[in-house]
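The values are calculated or read from the model by the stated rules, or taken from the named source; none is laboratory data. Model, not experiment: these values are computed from the prediction. Because the Cβ atoms are built from the backbone with ideal geometry, glycine has one as well, and the counts that use them run over all protein chains shown.
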Amino acid sequence: MDTLKEYKALLAEIGKLDSAASLLEWDERTYIPQKGHDARSEVLGKVSKLGFELFISDRMGKYLEDLNREEVLASLSEKDRASVRWMTHDYNRLKAIPPDLFEQYTIDCSKSEFAWEQAKAESSFELFQPHLQKMVDYARQFAELYGYDENPYDALLEGYEPGMTTRDLKAIVEPLREALVSLLDRVTEQGTPPDTSFLEGDFPVDKQRELCMRALEAMHFDSDAGRLDVSVHPFTTRVGPGDVRITTRYMENRLLSSLFGTIHEGGHALYDQGIDPDLTWTGLDTGASMGIHESQSRLWENQVGRSLAFWRFFYPQLQEVLPEFEEIPVEEFYRAVNEAQRSLIRVEADELTYNLHIMLRFELEEALVNRRIEVKDLPEIWNDAMERYLRLTPPDDAHGVLQDVHWSGGMIGYFPSYMLGNLYAAQFFATAKREIGDLEERIERGDLLTLREWLREKIHKYGRMYSPSELAEKVSGEKLNPRHFVEYVTSKFSDVYRL
């Protein structure tokens, strides 16, 4: 028997089932009729269980055992060794979860997301509370089943950011929070704030969509291998080879929400579209981690999309679509889109305050998993934490504890990926600027292809072949270093606020 060939065939079978599940999830979060949710949850649970059972099967276990023999590993290509390495990692984790439990978890996640949408629309935590309780109970149960050395939260983190621990995160958070709060105080107390009045108004959805499509085109998003749709909370789904779906949301009184949301999700999509086709159905046709994936979305949204160089190129296009901006100088528009202020909503937060929102969520979900706080008390605890981190108190649940979709889908342990993504993005962009000597001038001329190709060559094509720390060192010559982010925001906001 050709073990490697059989192993790859099994991975392809699992990958196709995962692709079907992804399409079912995408449809459920975009176009499904309201009354279809319950049945869809059952279908999604069944399809997901089929893939799960194949992955943790004795057959997969035997393939991995054979392929992990020293003499066999030595004969494999680098890509095949990476596949065996990461599938062994995942197999050992997921084998601890009974298939029936996984199926019920998938069903409950689907129902929970629908309940969250209703609860958020009505700003009622009570509607969502029983569903969130289930998600937290699952997280606690899975952490024990996965196993951990020090903190049960570590077991959940491992699924999103391999190698990262709660201890590591706290070592990053504490000095970073101090640096950001100090800079934020200096900016708001000593700086000259930009005029943002012209960002308020009535901006028709059709014009917003045109701007979003123009931005994706400028980024060299392959529209033959993806599409843009609308959802309650923007997201990206890789359905399969040549099929990456992204969504945004339009608010007629908030021009930049849809545009930056689209650029953000477009960054995710470029990563998925840039993965080496040879990695298809190998378990490596995804990102190195969610932190690395978020680095790509945040890099395009912030280091590119909120830069003066980008707006010197893209502003005439915005003015063409929205002539009311013709009298606003590009420099003032650039300053306006980089306004720094304490705000309630994470997805609308500026670069300076965004990580504070993530630190808050990390603190709360780690405490939930460790049973130091309980779900029923979350609205009050959330509001108290917002006061501590951002000196603000949400007026209602929709602007507070209900604002994010992640917990409803069981993604407890995911939020730190956003902060890590910000840090990786600054580190990677600093490297790109060093290696592409005239990068900012290229962006100003509308040449975003050079950057996309650099990212594709350095990061995208490898998919999941390397761990996050291995990839960071391969790209930039050093492991994750928050110094790059602190230097980036200090320089940028000192300029924007004329300090």
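Residue by residue, here is whether (1) without any contact (Cβ under 8 Å) to a residue 60 or more places away in the chain; (2) farther than 30 Å from Thr165 by Cα holds:
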{"position": "Gly400", "(1), (2)": "yes, no"}
{"position": "Ile412", "(1), (2)": "no, no"}
{"position": "Gly437", "(1), (2)": "yes, yes"}
{"position": "Arg452", "(1), (2)": "no, yes"}
{"position": "Arg464", "(1), (2)": "no, no"}
{"position": "Lys474", "(1), (2)": "yes, no"}
{"position": "Lys479", "(1), (2)": "yes, no"}
{"position": "Lys492", "(1), (2)": "no, yes"}
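Sub-8 Å Cβ pairs linking a first residue in the range 99-123 that is in contact (Cβ under 8 Å) with a residue 40 or more places away in the chain and among the basic types (Lys, Arg) to a second residue that is surrounded by fewer than 20 Cβ atoms within 10 Å (Cβ to Cβ) and not in a helix (DSSP H, G or I), at least 6 apart or interchain, are Lys120/Val232; Lys120/Ala398; Lys120/Gln403, ordered by first then second residue. What are the residues in the range 337-359 that are among the hydrophobic types (A, V, I, L, M, F, W, C) and buried (at least 19 other Cβ atoms within 10 Å of the Cβ), if any? Hits for the range 337-359 are Val337, Ala340, Ala349, Leu352, Leu356, Ile358, Met359.
Remark: pairs (first residue in the range 382-393, more than 17 Å from Leu368 (Cα to Cα); second residue among the basic types (Lys, Arg); Cβ separation under 6 Å; 6+ apart in sequence or on different chains) = Leu390/Arg342; Arg391/Arg342; Leu392/Arg342.
Quick one: would you say Glu440 is surrounded by fewer than 20 Cβ atoms within 10 Å (Cβ to Cβ), part of a helix (DSSP H, G or I) and modelled with pLDDT of 95 or more? So that I can check it myself, show each step before the final result.
On the way: surrounded by fewer than 20 Cβ atoms within 10 Å (Cβ to Cβ): yes; part of a helix (DSSP H, G or I): yes; modelled with pLDDT of 95 or more: yes.
Against the criterion (surrounded by fewer than 20 Cβ atoms within 10 Å (Cβ to Cβ), part of a helix (DSSP H, G or I) and modelled with pLDDT of 95 or more), Glu440 qualifies.
Being assigned to a helix (DSSP H, G or I), closer than 24 Å to Glu210 by Cβ and under 13 Å from the mean Cα position of the chain (by Cα) is a property that holds for Gly266. Within the range 42-91, take every residue that is crowded, with 21+ Cβ neighbours inside 10 Å and polar (S, T, N, Q) and give me the one that is farthest from Pro162 (Cα to Cα). Restricting to residues being crowded, with 21+ Cβ neighbours inside 10 Å and polar (S, T, N, Q), the top hit is Ser48.
The test for being charged (D, E, K, R) and farther than 18 Å from Arg306 by Cα holds for Arg434.
Flag not set for Lys16, criterion: farther than 18 Å from Thr286 by Cβ, out of contact with any strand residue (DSSP E or B) (no Cβ under 6 Å at 6 or more places or on another chain) and not in a loop (DSSP other than H, G, I, E, B). Here the helices (runs of 4 or more DSSP H) wholly within the range 23-76 that include at least 1 residues being under 27 Å from the mean Cα position of the chain (by Cα) are 37-55.
Taken over the range 141-174, the criterion of being among the aromatic types (Phe, Trp, Tyr) and touching a residue at least 60 places away in the same chain (Cβ under 8 Å) is satisfied by Tyr153, Tyr160.
Restricted to the range 207-238, and to residues there that are more than 19 Å from Ile32 (Cβ to Cβ) and of a type in the set (Asp, Glu), the residue that is surrounded by the most Cβ atoms within 10 Å (Cβ to Cβ) is Glu210. Taken together, the residues in the range 319-352 that are closer than 21 Å to Tyr497 by Cα and either more than 30 Å from the chain's Cα centre (by Cα) or not charged (D, E, K, R) (or both) amount to 13.
From the list Ser257, Ser297, Ser223, the one residue that fits, being under 30 Å from Met164 (Cα atoms) and touching an Asp or Glu at 6+ places or on another chain (Cβ under 8 Å), is Ser297.
Among the conditions (1) touching a helix residue (DSSP H, G or I) at 6+ places or on another chain (Cβ under 6 Å); (2) part of a helix (DSSP H, G or I); (3) buried (at least 20 other Cβ atoms within 10 Å of the Cβ), Met465 misses just one, which is (2). Being polar (S, T, N, Q), within 21 Å of Leu420 (Cα to Cα) and without any contact (Cβ under 8 Å) to a residue 40 or more places away in the chain is the filter here, so list the residues in the range 311-370 that pass it. Of everything in the range 311-370, nothing turns out to be polar (S, T, N, Q), within 21 Å of Leu420 (Cα to Cα) and without any contact (Cβ under 8 Å) to a residue 40 or more places away in the chain. Per the listing Leu127, Leu94, the residue uniquely among the aliphatic types (A, V, I, L, M), within 27 Å of Arg29 (Cβ to Cβ), surrounded by fewer than 20 Cβ atoms within 10 Å (Cβ to Cβ) and without any contact (Cβ under 8 Å) to a residue 24 or more places away in the chain is Leu127. Among the residues here, Tyr389 does not qualify as aromatic (Phe, Trp, Tyr) and outside any helix (DSSP H, G or I).
Every condition in (1) without any contact (Cβ under 8 Å) to a residue 24 or more places away in the chain; (2) buried (at least 20 other Cβ atoms within 10 Å of the Cβ) holds for Met251 except the one numbered (2). Taking first residues from the range 181-197 that are more than 21 Å from Tyr389 (Cα to Cα) and partners that are aliphatic (A, V, I, L, M), the Cβ contacts under 8 Å between residues at least 6 apart in sequence or on separate chains come to Pro194/Ala336; Pro194/Val496; Asp195/Ala336; Thr196/Ala336.
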